[in-house]
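J.: Questions regarding the structure given below will be posed in turn.
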Amino acid sequence: MVSKIRVLLGMLVLLALAIGAIALLAAAKANAVWFTIIPLGILFLGASVIRSLGWFNKEGR
């Protein structure tokens, strides 16, 4: 079982990045399609990268 705090912190960081991307897209007056693609891409790709790095794996004691 993975630490819930570790998953929560990882997802909060990705959520903050996605919100920052939305703010940048709004400042650039981007097309509405990008408001869906970019934040979801950050969340899904970021979560898979974090998982690949082993950050969500349980550490042995």
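The values are calculated or read from the model by the stated rules, or taken from the named source; none is laboratory data. No experiment lies behind these values; they were computed from the predicted model shown. Side chains included, ligands, DNA and RNA excluded: accessible areas come from the protein's heavy atoms. Shrake-Rupley method; radii C 1.70, N 1.55, O 1.52, S 1.80 Å.
J.: Would you work out what percent of the accessible area of the chain, with all protein chains in place, is carbon or sulfur (probe 1.4 Å)?
T.: Details: 3500 of 4850 Å².
The computed percentage sits at 72.
J.: Here's something else I'd like to know. Starting from the Cα-Cα distance between residue 58 and residue 43, subtract it from 0.36 nm times their residue separation and give me the gain in nm to one decimal.
T.: On the way: separation 15, 0.36 × 15 = 5.40 nm, distance 2.14 nm.
Gain in length upon complete extension: 3.3 nm.
J.: Given a 1.4 Å probe, how much area per residue of the chain is accessible, in Å²? If you can, show how the numbers build up before the last one.
T.: Values: 4850 Å² over 61 residues.
Solvent-accessible surface per residue comes out at 80 Å².
J.: Ignoring solvent entirely, what values of log10 I(q)/I(0) come out of the Debye formula for the chain at 0.17, 0.20, 0.25 Å⁻¹ when each Cα is a single scatterer?
T.: Values, matching the q order: -0.61, -0.75, -0.97.
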